[in-house]
Amino acid sequence: MDRQTVFSGLQPTGNVHLGNYLGALRNWVKLQDSYDCVYCVVDLHAITVDYDPKQFESDRLEAAKVLMATGIDPDRSLFYFQSQVPQHSELSWILGAMTPTGVLGRMTQYKDKVAKGEAANLGLFAYPVLMAADILLYHANLVPIGDDQRQHLELTRDLAERFNNRFGEVFPIPDALIPETTSRVMSLTDPTSKMSKTDPNDKSRVLILDSPDVVRKKIRSAVTDSDPDVRFDPAGKPGISNLLEIMSACTERSIDDLVEEYGSRGYGKFKDAVADAVIAALAPIRNAYENLDDEEVARIMRRGALDARTKAEGFQQIVREATGLAAL
Ligand code: TYM
């Protein structure tokens with residue numbers, strides 16, 4: 001039987017953080033051992049907000065470098081910039097023609113962003129359709145993501161079914177791969193909202209490339225509560241529960257085990273241990289990042305785009321034939 005295909009994407013908005021890593025990127029890396037993986041720096045998704053083109057160019061390259069530093073291996077995985085493969089956009093249009101606008105209006109990420117003052121442009125509104133096109137273009141079976149993308153994956157599955165019902169069985173229905181813990185790493189400054197790239201407060205997130213000193217400072221100043229017990233209680237103790245999840249993911253020790261060790265030793269000791277664990281988990285990534293050469297990474301991305309285009313052209317033909325858009 002053919003190997004199954006994995007697809008996932010990361011927006012190059014700078015600030016790649018521990019939530020991205022523990023929620024999604026760690027799984028991206030692991031899946032390379034047993035699947036055909038397609039990983040994409042989704043630059044078209046990132047231009048729905050106002051941006052500076054020069055800065056964006058360097059953010060795109062940095063995102064590619066961070067992904068390679070975490071362990072994305074361009075010799076094993078198809079790895080490229082979304083904008084360099086125009087088949088994403090064509091499929092997005094075709095799927096958009098079958099997406100009710102009411103469904104898009106109910107997407108929580110869209111509603112949240114508009115509520116926070118982002119311009120409600122067509123790109124932001126249609127964003128989940130482009131995401132569905134990314135995934136379906138390669139007939140992906142599995143999509144490693146964090147919890148915040150769950151609703152977008154549901155839409156992708158609906159669109160795949162809708163397409164198959166109307167035009168014949170073309171797309172597999174993709175499954176989400178969402179980790180059991182750390183599917184939603186929370187902000188260090190407000191543990192009731194998720195860690196995010198766009199929070200104006202730098203202390204709310206640990207960046208993958210933060211130095212050990214900075215990591216320690218951010219974790220020491222993480223918002224907790226006044227009851228000194230370290231125990232797992234996401235509703236009652238969201239800050240401590242978040243740190244327990246982070247430490248558990250970084251050390252591969254169970255939360256119970258950590259609570260047993262740190263339960264009554266006070267927050268200071270616990271936070272130091274969390275910082276040590278995060279610093280140790282990020283150290284190899286920072287080292288690998290330092291050793292990457294910009295020119296070489298740009299060359300790898302150009303090669304990735306060529307390979308991806310070749311593959312995407314084949315899949316594009318299947319969709320064009322099914323929908324009556326083939327060359328006559
Ligand atoms: P993006 O760039 O915002 O985030 C990349 C991945 O990180 C996950 N993530 C988190 N996981 C746990 N805790 C957090 N605090 C946290 N914050 C972010 C996200 O769930 C995501 O998996 N729409 C996507 C990009 C995308 C995509 C795709 C993903 C475009 N096309 C196709 C999968 C398949 C996004 O904005 O991710």
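Let me spell it out: the conditions are (1) modelled with pLDDT under 95; (2) surrounded by 15 or more Cβ atoms within 10 Å (Cβ to Cβ), and Ala327 meets all of them except one. Which number is the exception?
Every condition holds for Ala327 apart from (2).
Could we say that Lys218 is part of a helix (DSSP H, G or I) and open to solvent by 60 Å² or more (accessible area, probe 1.4 Å) here?
Considered against the rule, which asks whether it is part of a helix (DSSP H, G or I) and open to solvent by 60 Å² or more (accessible area, probe 1.4 Å), Lys218 comes out as no.
Okay, residues lined up against (1) in contact with a Lys or Arg (Cβ under 7 Å, 6 or more places away or on another chain); (2) open to solvent by 20 Å² or more (accessible area, probe 1.4 Å):
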| site | (1), (2) |
| --- | --- |
| Ser8 | no, no |
| Pro12 | yes, no |
| Gly19 | yes, no |
| Ser34 | no, yes |
| Cys40 | no, no |
| Ile47 | no, yes |
| Tyr51 | no, yes |
| Phe56 | no, yes |
| Gly71 | no, yes |
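Assess whether Thr198 counts as being near the ligand (Cβ under 10 Å from one of its atoms) and either touching a Pro at 6+ places or on another chain (Cβ under 7 Å) or part of a loop (DSSP other than H, G, I, E, B) (or both).
So Thr198 passes the test.
In segment 81-99, what residues are open to solvent by 40 Å² or more (accessible area, probe 1.4 Å) and either farther than 28 Å from Lys65 by Cα or part of a loop (DSSP other than H, G, I, E, B) (or both)?
Selection gives Pro86, Trp93, Ala97.
Conditions (1) near the ligand (Cβ under 10 Å from one of its atoms); (2) open to solvent by 30 Å² or more (accessible area, probe 1.4 Å); (3) farther than 20 Å from Gln4 by Cβ; (4) assigned by TED's automatic domain parsing to the domain that holds Ile208, marked per residue:
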| position | (1), (2), (3), (4) |
| --- | --- |
| Phe79 | no, no, no, no |
| Thr101 | no, yes, yes, no |
| Arg106 | no, yes, yes, no |
| Asn121 | no, yes, yes, no |
| Phe125 | no, yes, yes, no |
| Asp134 | yes, no, no, no |
| Val143 | yes, no, no, no |
| Arg157 | no, yes, no, no |
| Ala160 | no, no, no, no |
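Among the residues of segment 29-39, is any near the ligand (Cβ under 9 Å from one of its atoms), outside any loop (DSSP other than H, G, I, E, B) and in contact with a helix residue (DSSP H, G or I) (Cβ under 7 Å, 6 or more places away or on another chain)?
No, the conditions are met nowhere in segment 29-39.
Against the condition of a type in the set (Lys, Arg) and outside any loop (DSSP other than H, G, I, E, B), how does Arg76 come out, does it pass?
No, not satisfied.
Have a look at Ser183, Ser187, Ser254, Ser248 and point out the one that is at pLDDT 95 or above and open to solvent by less than 10 Å² (accessible area, probe 1.4 Å).
Ser187 is the lone residue from the list that is at pLDDT 95 or above and open to solvent by less than 10 Å² (accessible area, probe 1.4 Å).
Being closer than 20 Å to Gly324 by Cβ and more than 11 Å from the ligand (Cβ to nearest atom) is the requirement here; does Leu91 meet it?
yes
The values are calculated or read from the model by the stated rules, or taken from the named source; none is laboratory data. Since the structure is predicted, the reported quantities are computational estimates derived from the model, not experimental observations. Quick reminder, even Gly has a Cβ in these numbers, built from the backbone with ideal geometry, and neighbours come from all protein chains shown. Side chains included, ligands, DNA and RNA excluded: accessible areas come from the protein's heavy atoms. Shrake-Rupley method; radii C 1.70, N 1.55, O 1.52, S 1.80 Å.
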